[in-house]
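Here is the structure we will look at.
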Amino acid sequence: MQWIDLRSDTVTQPTDAMREAMMRAPVGDDVYGEDPSVNALQARLADELGFEAGLFVPSGTQSNLIGLMAHCARGDEYIVGMDAHTYKYEGGGAAVLGSIQPQPIVHAPDGTLPLDAVERAIKPVDPHFARTRLLCLENTWHGRVLPLQYLADARALCDRRGLALHLDGARMFNAIVALGVAPREVTKNFDSVSVCLSKGLGAPVGSVLLGTRELIETAKRWRKVVGGGMRQAGMLAAAASFALDHHVARLADDHARATRLADGLQGLDDVKVVAQHTNMVFIDVPVERLDALRRTLDDARIRMSIGYTPSIRMVTHLDVDDEAVARTVQVLRAFASC
Ligand SMILES: Cc1ncc(COP(=O)(O)O)c(C=O)c1O
């Protein structure tokens, strides 16, 4: 029996066609800026998302980190969600490596950071305080799509208070597909955006940071400093370009499967669906039954993410088909009824 891996959309295997594209990719030394496949990916995403320049990096964590370091200097501060990836799940990199102080804000249930709370958190210009420089949002956040009007309101606040605005857009294409809008509608209010190719888009490695030419030049220096300069990275960039060509529209299939998964689990006492947005489903199981659930899942060869968020997380992706959804529903229903 094949494993069904619902822990994250990061677990996908490159398809045969993607591997072909990787094999054929022209390559060069990207630290010298000479890898044609990397250059094509950066230019294409910058153009599609409305930025002057892009920078290919090994991970979303590094893309966010060097983005924050390009915006903020030592002793500066960024405002960020209490449950945002950049704050909670990236090893505190902005503070550890950038000497940038995070100012966390509690998320609203829809994934936004309430703008009145953001405004209250901005520090006065006074030597007692860190200098508030940047607001960082995440879209999608736990699968939730941030409303377009909220993004415009956040931009207006940043303009009024002299902050820059960064997006952790690890799953930004899920938001674009869910909204059915042009990509620029989601990116146009930001000074910088980090996009992951290795989440729902199904590439094995890589993220791209987008911004002005000047910001990207600064980020490129930080990429080198944190050890992220890759040489013949074109094979990875080719996988990313393949993903952009072939795996964006199909994110709608992942969203539909997540909906089907959540619908299939309705009405159970011991498996409660607490949220489903885009490609993510969150369930609660009584604490005293968690060990039994782990055993059941192991026997059924199903993996889900237990313990990283308060609820158990299931994520649909390229390698989760209809049969996998049906089998998961069947196993969880049987567990809930015994
Ligand atoms: C919202 C979000 N941002 C950033 C990242 C970091 O990406 P990476 O794992 O490539 O460092 C992740 C990883 O899962 C993520 O979920």
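Would you say Gly206 is in contact with a Ser or Thr (Cβ under 7 Å, 6 or more places away or on another chain), assigned by TED's automatic domain parsing to the domain that holds Gly50 and more than 28 Å from Ala154 (Cα to Cα)? Here the answer is no, as Gly206 does not meet what is asked. Hey, any hits in the range 26-37 for a residue that's touching a helix residue (DSSP H, G or I) at 6+ places or on another chain (Cβ under 7 Å), open to solvent by less than 10 Å² (accessible area, probe 1.4 Å) and within 16 Å of the ligand (Cβ to nearest atom)? No; the residues of the range 26-37 include none that is touching a helix residue (DSSP H, G or I) at 6+ places or on another chain (Cβ under 7 Å), open to solvent by less than 10 Å² (accessible area, probe 1.4 Å) and within 16 Å of the ligand (Cβ to nearest atom).
Look at Arg133 and say whether it is within 14 Å of the ligand (Cβ to nearest atom), open to solvent by 10 Å² or more (accessible area, probe 1.4 Å) and within 17 Å of Thr86 (Cβ to Cβ). It is false that Arg133 is within 14 Å of the ligand (Cβ to nearest atom), open to solvent by 10 Å² or more (accessible area, probe 1.4 Å) and within 17 Å of Thr86 (Cβ to Cβ). With a requirement of 3 or more residues that are in contact (Cβ under 8 Å) with a residue 60 or more places away in the chain, the strands (runs of 3 or more DSSP E) lying completely within the range 77-186 that satisfy it span 131-138, 164-169.
Here is a yes/no grid of residues against (1) open to solvent by 70 Å² or more (accessible area, probe 1.4 Å); (2) out of contact with any Lys or Arg (no Cβ under 9 Å at 6 or more places or on another chain):
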residue: His277; (1), (2): no, no
residue: Val281; (1), (2): no, no
residue: Asp284; (1), (2): no, no
residue: Ala292; (1), (2): no, yes
residue: Arg303; (1), (2): yes, no
residue: Pro310; (1), (2): yes, yes
residue: Val320; (1), (2): no, no
residue: Ala326; (1), (2): no, no
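The residues listed here are Arg144, Arg160; of these, the one that is on the phi < 0 side of the Ramachandran plot and either surrounded by fewer than 21 Cβ atoms within 10 Å (Cβ to Cβ) or touching a Ser or Thr at 6+ places or on another chain (Cβ under 7 Å) (or both) is Arg160.
Checking Arg7, Arg19 one by one, the residue that is open to solvent by 50 Å² or more (accessible area, probe 1.4 Å), outside any helix (DSSP H, G or I) and under 30 Å from Glu323 (Cα atoms) is Arg7 and no other. The single condition among (1) buried (at least 19 other Cβ atoms within 10 Å of the Cβ); (2) of a type in the set (A, V, I, L, M); (3) in a loop (DSSP other than H, G, I, E, B) that Ala70 does not meet is (3). Residues in the range 212-231 that are of a type in the set (Val, Ile, Thr) and not in a helix (DSSP H, G or I) were compared, and the one that is most open to solvent (accessible area, probe 1.4 Å) is Thr212.
Of the strands (runs of 3 or more DSSP E) lying entirely inside the range 241-338, none contains at least 3 residues that are at pLDDT below 95.
The values are calculated or read from the model by the stated rules, or taken from the named source; none is laboratory data. None of these values were measured; they are calculated from a predicted model. With ideal geometry, Cβ positions are generated from the backbone for all residues, glycine too; neighbour counts draw on all protein chains shown. Calculation scope for accessible area: heavy atoms of the full protein, side chains included, ligands and nucleic acids excluded. Shrake-Rupley method; radii C 1.70, N 1.55, O 1.52, S 1.80 Å.
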